[in-house]
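*Asks:* Attaching a single structure in structure tokens format; questions to follow.
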Amino acid sequence: MNNRNATAFLEFPSLARHENKFSRGLARKYKRCHAEILNNMSMYEAIKNQGNQFGFEPMIENSGQWRKFGKFIVAGMGGSHLAADLLKIWNPKIDLIVHSDYGLPALAQGELKQRFIIAVSYSGNTEEIIDSYQKAKENGLEVGAISIGGKLLEFAKNNGAPYIKIPDTGIQPRSAVGFMFKALLKMMGEEKALREAGILGKSLHPEDYEDAGKILAQRIKGFVPIIYSSGKNAAIASNWKVRFNETAKIPAFYNVFPELNHNEMTGFDPVRSRSPKETADALADRTSNGADIKEARKKLNELFFFIILKDPDDPPKIKKRMETTQRIYRQKGLAVETVEISGKTVFQKIFSSLAIADWAAYYTGEGYGVETEQVPMVEEFKGLLQNFKP
């Protein structure tokens, strides 16, 4: 099946709901084709089709063991907790702890019992999250699971714990944020928000942001990107960073206003703080010619490209800090670009910004000639961990 046909098929994301319209044999044939297409999906196709993820209608299995909570712990690693981070932008008041470690957060047992623990692992085999799930069960806590399968869903099925199985599309966890976002909303009982997010299935068109991402990729080539945002949009900045790390295979970092104005920015000030002689003496054992510290630090600063994510709804004081930081960085010869976070709804703002990030990371990776989908170093590390002998 060619890419055109594959794309057309992906635009029919809810085949299961319409299975009664087909013969069982035809439905099975479509499902086999669907799996074949998705398991061979390129990073380009994964980005282009992300809007279709919001057509996913999550269902809670073992729902008799589910009840609505007001407090949550989401245990997830890597791409599996990115959606949980974004939930805090949708509702800053939500009582949600994102736990990215083994075990459970260091809370009193009474506090843990007041929270619904949601174990999220895209593969279902993440070591840390399996440990979190098991610790929750051992302590008699209420726990649910979200995954495509693996050990996590096996445990949930055997334990009678509520779980949601998300589609196994063959994409990387960072590319499945839409699936996991909707699954989390369902598991938290946020039906209104779930319906609102579903609208993105028709209104989010990642291809509309491809040119913006491609232009940004051209500008940052040869640099290490550092992404800045307001505190409330920290999860968006973090998602940008992850995409540059995993898709483009380059270092990337992020920070937030106003905190960065009290520490990080001073690391990019190339002013001379010592006399030339003191500088030369200090650098004598590190450089061949005792070069001036200003020149040495200038070379360090030339490695970075700053991306400031500006949200029209950011507080005026934060906007003032963004403008001032941009001005002073440029005065000091630093490369700075601003990217607007735009959209009519909070969901549109979040996922349109991530679409730009996806394209920017994709074209950055293409520019460096790297494989943009897989994460071989992560897999290599996992193999070494499994075979580790102290």
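*Asks:* Residue check, A161 against (1) in a helix (DSSP H, G or I); (2) touching a residue at least 40 places away in the same chain (Cβ under 8 Å); (3) farther than 26 Å from K382 by Cα; (4) more than 20 Å from the chain's Cα centre (by Cα), all met but one. Which one?
*Replies:* Tallying (1) in a helix (DSSP H, G or I); (2) touching a residue at least 40 places away in the same chain (Cβ under 8 Å); (3) farther than 26 Å from K382 by Cα; (4) more than 20 Å from the chain's Cα centre (by Cα), A161 fails exactly one: (1).
*Asks:* Could you list all residues from the range 167-197 that are under 23 Å from T345 (Cβ atoms) and in a loop (DSSP other than H, G, I, E, B)?
*Replies:* If the condition is that a residue be under 23 Å from T345 (Cβ atoms) and in a loop (DSSP other than H, G, I, E, B), then M188, G189, E190 are the ones that fit.
*Asks:* Among the listed residues L153, L216, which satisfies the condition of being touching a Ser or Thr at 6+ places or on another chain (Cβ under 9 Å), without any contact (Cβ under 8 Å) to a residue 60 or more places away in the chain and assigned to a helix (DSSP H, G or I)?
*Replies:* Of the residues listed, the single one that is touching a Ser or Thr at 6+ places or on another chain (Cβ under 9 Å), without any contact (Cβ under 8 Å) to a residue 60 or more places away in the chain and assigned to a helix (DSSP H, G or I) is L153.
*Asks:* Kindly check whether there is at least one residue in the range 141-151 that is under 21 Å from L354 (Cβ atoms), surrounded by 23 or more Cβ atoms within 10 Å (Cβ to Cβ) and not charged (D, E, K, R).
*Replies:* yes
*Asks:* Given the criterion out of contact with any helix residue (DSSP H, G or I) (no Cβ under 9 Å at 6 or more places or on another chain), at pLDDT 95 or above and crowded, with 19+ Cβ neighbours inside 10 Å, identify the matching residue among A183, A197, A217, A237.
*Replies:* Result of the check over A183, A197, A217, A237: A237.
*Asks:* Can you name every one of the strands (runs of 3 or more DSSP E) wholly within the range 38-128 that holds 1 or more residues which are in contact with a Gly (Cβ under 8 Å, 6 or more places away or on another chain) and of a type in the set (F, W, Y)?
*Replies:* 116-120
*Asks:* Condition first: within 23 Å of the chain's Cα centre (by Cα) and farther than 15 Å from I308 by Cα. Now tell me which residues in the range 318-348 satisfy that.
*Replies:* Answer for the range 318-348, where residues must be within 23 Å of the chain's Cα centre (by Cα) and farther than 15 Å from I308 by Cα: G343, K344, T345, V346, F347, Q348.
*Asks:* Being outside the structural domain of S353 (by TED's automatic domain parsing), surrounded by fewer than 16 Cβ atoms within 10 Å (Cβ to Cβ), basic (K, R) and out of contact with any Pro (no Cβ under 6 Å at 6 or more places or on another chain) narrows it down to one residue among K157, K165; which is it?
*Replies:* Criteria check complete, one pass: K157.
The values are calculated or read from the model by the stated rules, or taken from the named source; none is laboratory data. Because the structure is a prediction, the values reported are computed rather than measured. Counting neighbours? That spans all protein chains shown, and the Cβs are built from the backbone with ideal geometry, glycine included.
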